[in-house]
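Working notes, beginning with the structure itself.
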Amino acid sequence: MALKHEAMRESPFAFFRGSFFRWAKRWKHWCPQAANAPRVLAVGDPHVENFGTWRDAEGRLIWGVNDFDEAWRLPYTSDLVRLSASAILASRERALSSPEASLPDTILQGYSACLEADGQPFVLAEHHAPLRAMALARLKDAQTYWRKLEANPELPRSVPRHPVRTVRRSLPAGTVEIRWVHRLAGLGSLGRDRITAIGSWRGGKVAREAKALAPSACMWAEGRGSPRRRWHRLLLSHPHRCPDPFAQIRRQWIIRRLAPDCARIALDGLRKGDDERHLLRAMGWEVANVHLASRNRHEILKDLGSRDPRWLQDGTHAALDEVDRDYKAWSNG
């Protein structure tokens, strides 16, 4: 947690990623007009670092949202305002070069287009050439990926037995030379236990990780309810997305495969201009893919059609003003 707090002081974007609990508590007060919208089973904490690739059951390379830690029933607008705010914060840190004013519109275009089309997963083997090129560029440096993963410190012996057994069982039969390490990853989930196994199997490296699940901050913010593990399972596998066959929920842990083809597309590695627009539009589309699990597409489309064309711009900047105020108070101690 000390490391998390130190990282949050580095920039408004880092603070934004590490303080979702604050967003969950206050965003409806910051953006009251946006908050009056149909509810969906939402990502909760979508931001531009929360998308990545994985392999489906057919071995195809898939891209989409890869973190549902904060999934909750929310107005569909919450995911759009938070994703747009994250894009602008990333832009201000020069991770993006597109004009700031264009970012919410690009995301909303992708979201609306997906709803009109009734959704479609991102199968990179056959479609979405720009995204495929970005993802494949990431795969060229597999050796660096494994060196970095193996450089993590060894786990202490006093770790929970259940996730260790579950991770071991998820490795391919015959995996040898297994090492157990502690990996630091993300920012919002820093402070949660992670148990990572790295081994050798038939001439190459394999890895699995168990990450502790916690209730969404939205449960605390709304002062009611209980954790909804079934929501995680639904969002990982509903028909508008291609599920990761290695992602499993076991008790209070989520098990995942770690590999170079299970990684986010780094914003700082994009070609400026078209790559950025393709990626942001795809993010908007993928958020709609997630929302389609709630089966109220026509209600959302009707609500979108009734809104002022600048509603996302206005809501995003209202929220950013408050995030900036919070960040200054935080970084000043």
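Assorted remarks:
- Here the Kirkwood formula puts the hydrodynamic radius of the stretch 69-166 at 17.9 Å, using every distinct Cα pair.
- Using just its DSSP H runs of length 4 or more, each adding -39500 (n - 2.57), the chain gives a mean residue ellipticity at 222 nm of -14000 deg cm²/dmol after division by all residues.
- Backbone phi angles across the stretch 173-184, fed through the Karplus curve with coefficients 6.51, -1.76 and 1.60 (θ = phi - 60°), yield HN-Hα couplings of 4, x, 5, 10, 6, 6, 10, 10, 10, 10, 9, 9 Hz in residue order; Gly and Pro are listed as x.
- Rg and Dmax [Cα atoms of the stretch 145-303; Å; Rg one decimal, Dmax integer]: 18.4, 56
- Order of His278, His127 - criterion: other Cβ atoms within 10 Å of each residue's Cβ, fewest first: His127, His278
- Charge dipole magnitude, Cβ of K and R +1, D and E -1 - the chain, Cα centre, debye nearest 20: 1520
- Note that the stretch 86-223 shows a convex hull volume over its alpha carbon atoms of 219 Å³ per residue.
- Neighbourhood net charge (9 Å Cβ-Cβ; Lys/Arg +1, Asp/Glu -1) for Leu149: +3
- Sorted by Cβ density within 10 Å, fewest first, the residues Arg250, Arg94, Arg257: Arg94, Arg250, Arg257
- Solvent-free Debye scattering, log10 I(q)/I(0), computed from the Cα coordinates of the stretch 1-134 at q = 0.13, 0.18, 0.23 Å⁻¹: -0.65, -1.22, -1.58
- Environment charge at Gln120 (Cβ cut-off 12 Å; Lys +1, Arg +1, Asp -1, Glu -1): -3
- Hull-based mean projected area of the stretch 260-333, where the convex hull spans the alpha carbons, in square nanometres: 8.5
- Coarse-grained scattering of the chain at q = 0.09 Å⁻¹, given as base-10 log I(q)/I(0) from a Debye sum over alpha-carbon atoms: -0.47
- Each residue of the stretch 146-151 is assigned a 3J(HN,Hα), and the resulting list reads 5, 4, 5, 5, 6, 6 Hz, derived from the Karplus form 6.51 cos²θ - 1.76 cosθ + 1.60 (θ = phi - 60°), x at Gly and Pro.
- With respect to the chain, whose longest principal axis is taken over its alpha-carbon atoms, helix 274-291 is tilted by about 90°.
- Neighbour net charge for Arg92 - beta-carbon separation under 11 angstrom, K R +1, D E -1: -2
- Dividing the mean sequence gap of close Cα pairs (under 8 Å, 6+ apart) by how many residues the stretch 2-331 holds gives a relative contact order of 30 percent.
- Highest average packing first - 283-295, 196-208, Cβ atoms within 10 Å: 283-295, 196-208
- Relative to the longest principal axis of the Cα atoms of the chain, the long axis of helix 76-92 makes an angle of roughly 80 degrees.
- Distance from the stretch 32-107 to the stretch 165-181 (C-alpha centre basis), Å: 33
- One quarter of the convex hull surface built on the alpha carbon atoms of the stretch 1-66 amounts to 6.8 nm², the projected area averaged over directions.
Here, each number is a calculation from the coordinates, and none is a lab measurement. Keep in mind it's a predicted model, so treat the numbers as computed, not measured. Using ideal geometry, Cβ is built from the backbone for each residue, glycine included, and neighbour counts are taken over all protein chains shown.
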